[in-house]
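These notes are about the structure you will find just below.
Each reported figure results from applying straightforward, stated rules to the coordinates on display, with no laboratory input. Bear in mind the structure is a predicted one, so any value in this text is a computation, not a measurement. Quick reminder, even Gly has a Cβ in these numbers, built from the backbone with ideal geometry, and neighbours come from all protein chains shown.
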Amino acid sequence: MAKKVNKAEFGKGIRALLANPQQLDQAVKDNPQEVVRELTGNVAMISIKEIEVNPYQPRVEFDQTALDELADSIRVHGLIQPMTVRRLHDKAYQIISGERRFRASQLAGLEEVPAYVRLADDQQMLEMALIENIQREDLNAVEIAISYQRLIDECNLSHENLSERVGKQRSTITNYLRLLKLPVDIQQAVKAKRISMGHARALAGVSDISFQLSLLNQIVQEDLSVRAVESLIQRYQEDRLGKKGKPDNKLPEHLRTIQDQFSAFFGAKTVLKRDAKGKGQIVLKFENDNELNRMIDAIEAINAPGHSDS
C-alpha cells in the first residue's frame, strides 16, 4: 500500500515529488489542492526526451530563422520563460504551451528544460493557485508577466476576464505582458532589478532591438531615470519621423539603416547626409558633457586592445 504523503513532505521539493510516481499519485488522491499549489508555484527540470508535442496544437509551422535565433539566445541565457507541460504518466509529459521554446531548446542541445507541470484535471485549482501566486510580494515584474500569460494560455482567459480575476486594470496587464516580448537581456535586467518596471515599459515602446539594448546599457551605466529614458526615446522617434511626422525619404533605405545603427550604437541622435556623388557627412548630436563622454567611451572601447568584432 502506498505511503500517505503529509503536508510536510511537500517541502522536499517538486523534483522529489515527480521522481516518485507512486508517491505523487497518492498525494494527488489525498490532497490535490496542495499538489497543484506545489506544482504551480515551482519550476521542475524535465528531461527533453520525456516531452512530446501536443497533437492538437493548431500551430504547425515555425519560422526556422526565428527558431535559430531563439536557440542561440537559449545557449547563452538558458530558457527564461519556462514551458508548461501536462503529466501523462511516469516520465511522460505533453506540451500545453511553449512548443516554440521546446523546439529551440532541442536545437540548442539542452538535455532538460524548465517547466511548470500540470495534472490532468486541475483547471479550477490551477487558476486559484496562479492567482494566489501573483499576490506574493517577492515576485519580480517578469515573473508576474509569466503568471499572467499562463492564466491566459492555460485557463483560456481573455484580458478582460483576467483583469476581473486579479483585480487589475487591463492596461496594467497589457504592460506586464509586453515585457515578455522584450529581448532576453532586458528581461534579465528586470529580474536582477538592475532596471525597473518603468524602464522596461518604456523600452517596450521601441521596435528597434539594437536601440533597446543600447538604451539598456545607458540606463545601467548612467543610472538614468524613467523620465530621462522616455525623453531619449522621444528624440529617437522624432528623428526617424522628421519634423512634420513623416518618414524621411531623402535617404535610401540602406543609408537610413546605417543612420539608425549609428544612433543605436552611440545612443544619440545621428544625422547622415549624402549627395548624388557620394559625398556627405555624419553628425552626432549630444545634449551635455555626459552624452559626449559616453560617445567617446564607445569609440575608445572599439580601439581598446583585445577588442574583436567576432
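Values computed for the structure shown
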read-out: Förster-model FRET efficiency, 51 Å R0, I258 and R100, C-beta, rounded to 0.05; value: 0.95
read-out: Separation of the E132 and H77 label points, Cα + 7 Å toward Cβ, nm; value: 3.1 nm
read-out: Hull shadow area, averaged, region 62-212 [alpha-carbon convex hull, nm²]; value: 9.8 nm²
read-out: From phi via Karplus (6.51, -1.76, 1.60), per-residue ³J(HN,Hα) for region 63-78 in Hz, x at Gly/Pro; value: 5, 5, 4, 5, 5, 4, 5, 5, 4, 4, 5, 5, 4, 8, 9, x
